[in-house]
Amino acid sequence: EGLPTGQADDLQRSSNDEGERQTIFQMDYVQPFGKEGKFEAGLRSSFRRIKNNYLVEQLNQTNDEWNSLEGLSNRFSYDEDIYAAYTSYGNKIGNFSYQGGLRAEYTDIITNSRETNQIIPKDYINFFPSVNLAYDFPGANAIQLSYSRRIVRPRFRLLNPFSSFSDDRNLRVGNPDLDPEFTDSYELGHIKYWDKGSFGSAIFYRYSTDVIERIRVVNLDGTTVRKPQNLATRNEYGFEFIASYNPT
């Protein structure tokens, strides 16, 4: 055990052929009101198609032919349709300004692993509100308070169940059943203006759900597989400082 067998080394290779096409339709409407008011609305549709052919082969030492390795090669397709509508309104009353908005999205996704004939459809509706409040104080000072909700969809690599092959003992695969992450963001900031620059500071808090984490599983034969899962929540706290200066 652990000694050379005298047999020739196994030669393996992999290739990844991928193509993507995305089409976007967008329409926006803006209506000013008075000096500071503004109403906005819009529609947006996005159609995304990705096809991926992943091939893993091993050299047959007898006839010098490359043969596909079953269970590691796959043809994978990803179809994503997103229909969104948004509206927002903002205005300023004295030293107080505000803006509020709402975006609604309908998402329709189908992933297809053709070698295993695993088809996973997903569709969901989400709403994303946002609020921004600001107040101007004497001396060119202002405070700002904001809230927003956002979505982060899993990247294609995380969804592809046959995404890489460089070590047959330690595999990394995707998960076509992943859900997107959602984040609620809160921020309180202050900004000071001068004639040629400004300095801003802010404190923020972000709370995320369905956070994607890679989990390593050890099989009975000693091999390992790393696969992403929706497992966790995430809390982020932080400070930000931003300075700008225009000398001329």
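The values are calculated or read from the model by the stated rules, or taken from the named source; none is laboratory data. As the structure is a computational prediction, the values presented were derived from the model and not from experiment. Virtual Cβ from ideal backbone geometry, glycine too; neighbours counted across all protein chains shown. In case anyone asks, the SASA skips ligands and DNA or RNA and just uses the protein heavy atoms, side chains included. Shrake-Rupley method; radii C 1.70, N 1.55, O 1.52, S 1.80 Å.
Before moving on, here are some points about what is shown:
- Output for the stretch 128-146, where each listed residue is assigned to a strand (DSSP E or B) and open to solvent by 60 Å² or more (accessible area, probe 1.4 Å): VAL131, ASN132, LEU133, TYR135, PHE137, ILE143, GLN144, LEU145
- Of residues in the stretch 161-175 being buried (at least 16 other Cβ atoms within 10 Å of the Cβ) and more than 15 Å from ARG214 (Cβ to Cβ), the one modelled with the lowest pLDDT: PHE165
- Within the stretch 65-85, the set of residues being within 17 Å of ASN160 (Cβ to Cβ), free of Cβ contacts under 8 Å to residues at least 40 places away in the same chain and either assigned to a loop (DSSP other than H, G, I, E, B) or among the aromatic types (Phe, Trp, Tyr) (or both) comprises just one member, GLY71.
- From ASN16, ASN52, ASN60, residue being modelled with pLDDT of 85 or more, in contact with a strand residue (DSSP E or B) (Cβ under 8 Å, 6 or more places away or on another chain) and surrounded by 11 or more Cβ atoms within 10 Å (Cβ to Cβ): ASN52
- When the test is whether a residue is in contact (Cβ under 8 Å) with a residue 60 or more places away in the chain and open to solvent by 90 Å² or more (accessible area, probe 1.4 Å), GLU36 passes it.
- Contact map, the stretch 222-248: first residue modelled with pLDDT under 95 and loosely packed, with under 13 Cβ neighbours inside 10 Å, second residue among the acidic types (Asp, Glu) and in a strand (DSSP E or B), Cβ cut-off under 7 Å, separation 6 or more or different chains; pairs are LEU231/GLU213; ALA232/GLU213.
- Whichever residue in the stretch 99-127 is open to solvent by less than 70 Å² (accessible area, probe 1.4 Å) and within 21 Å of ILE143 (Cβ to Cβ) and, among such residues, is farthest from the chain's Cα centre (by Cα): GLY100
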